[in-house]
Amino acid sequence: MHYVSTRGHSGRRQFCETLLEGLAEDGGLYVPETYPRVDAATLDAWRALSYPSLAFEVLSLYVSDIPPADLKAICEKTYTPEIFGTSNIVPLRKLETRLYLQELSNGPTLAFKDVAMQLLGNLLEYELARRHDELNILGATSGDTGSAAEYAMRGKKGVRVFMMSPLGRMSSFQQAQMFSLQDDNIHNIAIDGVFDDCQDIVKCVSSDLEFKRRYKIGAVNSINWARLVAQVVYYFSGYFQVSEGRSAGVDFSVPSGNFGNICAGHVARMMGLPISRLVLATNENDVLDEFFRSGIYRVRSRADTLETSSPSMDISKASNLERFVFDLLGRDARRTKSLFENQLRECGSFDLSGDPSFVTAAARFGFRSGRSTHADRLATIRDTWDRYHTMIDPHTADGVTVGRMHASPEAPMLVLETAQPIKFATTIKEALGRQPDRPLRFDGLEGLPRRVKVLPPDTQAVKNYIADIMQGATC
Ligand SMILES: *Cc1c(COP(=O)(O)O)cnc(C)c1O
């Protein structure tokens, strides 16, 4: 299997090359040359597999540059009950007839990003060792991504993490989760500013090619193909758990921000998994809902990006959408490039409303969408608690709210649970008048010693800090 850029760059890449490169040279995203099809007989054969074996089968279709025995070992080391709390890894919880939660947030940081990031950590360690190379991951986070990356990379050979977050702006649980890590290869940097300052610094550092090369700076952001393909696996697992031998279709409802999670559902559907509908849920930052309803993709400005109570979905543009648009346009790289490079730069938006490809999109690709508000989240958290004695976090609540709008009598709806309530205690308190339950292993987390460097919102200060650490490191 080879990978190509959505913007048509002529170079074809192997899986491990996309793993380290992230973005393609021409600014496009890597996609597989074709989606491998999984036929009914194969689906049947996969039904009984354990999660790590299923992950191995799915990944094998996309990875041709890691020997199968090594890939299998990586999957088995990643998806264990010790790391994910259950041997099922992504179990279903039935709320009512035809409505289920699929629990994706039982990993180390209690958000679904662990499912992909834990695999990425092991893949990176493997590949860097094979190349006798190292990588310094520089990232910016306002919450879930940073902690998932740190818990995936801690103690990994050849990898260091420099993670910036806005000083004092994450939830107290999220701060404690990150800053309590004592591993030598994990470096927390609290920037005295806002999240956008952190992101700007990442951009500035990454555009200094000399610094980037010298200090081997890389990223693990949501456009990385390896993260996406790791997420494809749980759509298969969810389908097997709910369909019990029947080959009827299922629906998924996905709380969405950067379009990574639901894009994995799109890939699973393109592979032939019987998904009837992919329901995309946004919060008040509804750039994606607007696109799927109208065909108009209108990137928001910073000023127009709201701070909501489902903060991991507070996005102004959706970095993975380009992969879907590429497929929507019949894999026309020239048009994709013109939309995402020229049109977005010049107008901040593009319009496919009259395009035949968009008019038939819902039918061809199964997408539906909807948005929900703070009041909806509170009502859904309350309702789910009252009726099913199940506590859900605000992001999952967006998924339940919008999933219900599109519920159908024909197919079961699986709502992807993207985080646990303990991460967002303030909103849970507001909805239920009580604190969320805390998993035992997090008792006393906020009281642990912290390791964090506070720096001003200044690129040079961050560069100096990285250089200092690297000087001290004995390689
Ligand atoms: C990252 C995240 C999302 C959004 O996922 P995307 O892949 O960016 O669409 C939703 N909920 C939670 C809790 C998250 O951490």
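Per-structure values
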{"quantity": "Some residue of region 315-322 being away from the ligand (no atom under 12 Å from the Cβ), closer than 28 Å to ILE422 by Cα and out of contact with any strand residue (DSSP E or B) (no Cβ under 9 Å at 6 or more places or on another chain)", "calculated": "yes"}
{"quantity": "Conditions (1) closer than 30 Å to THR34 by Cβ; (2) within 22 Å of the chain's Cα centre (by Cα); number of the one not met by GLU307", "calculated": "(1)"}
{"quantity": "Exclusive hit being modelled with pLDDT of 95 or more and over 14 Å from the mean Cα position of the chain (by Cα), set SER301, SER237, SER243", "calculated": "SER237"}
{"quantity": "Within region 125-143, considering residues that are farther than 18 Å from ILE74 by Cα and more than 16 Å from the ligand (Cβ to nearest atom), the one surrounded by the fewest Cβ atoms within 10 Å (Cβ to Cβ)", "calculated": "HIS132"}
{"quantity": "Scan of region 379-412 for residues that are surrounded by fewer than 24 Cβ atoms within 10 Å (Cβ to Cβ) and either among the acidic types (Asp, Glu) or in contact with a Phe, Trp or Tyr (Cβ under 8 Å, 6 or more places away or on another chain) (or both), ordered by number", "calculated": "ASP383, ASP386, MET391, GLU410, PRO412"}
{"quantity": "Subset tally (residues that are touching a Gly at 6+ places or on another chain (Cβ under 8 Å) and not basic (Lys, Arg)) for region 25-52", "calculated": "6"}
{"quantity": "Positions within region 146-195 being in a loop (DSSP other than H, G, I, E, B), small (Gly, Ala, Ser) and under 16 Å from ASN122 (Cα atoms), in sequence order", "calculated": "GLY155, GLY158"}
{"quantity": "Condition met for ARG364 (over 15 Å from GLU430 (Cβ atoms) and within 16 Å of the ligand (Cβ to nearest atom))", "calculated": "no"}
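The values are calculated or read from the model by the stated rules, or taken from the named source; none is laboratory data. What you see is a predicted model, and the numbers here were worked out from it, not measured in a lab. Using ideal geometry, Cβ is built from the backbone for each residue, glycine included, and neighbour counts are taken over all protein chains shown.
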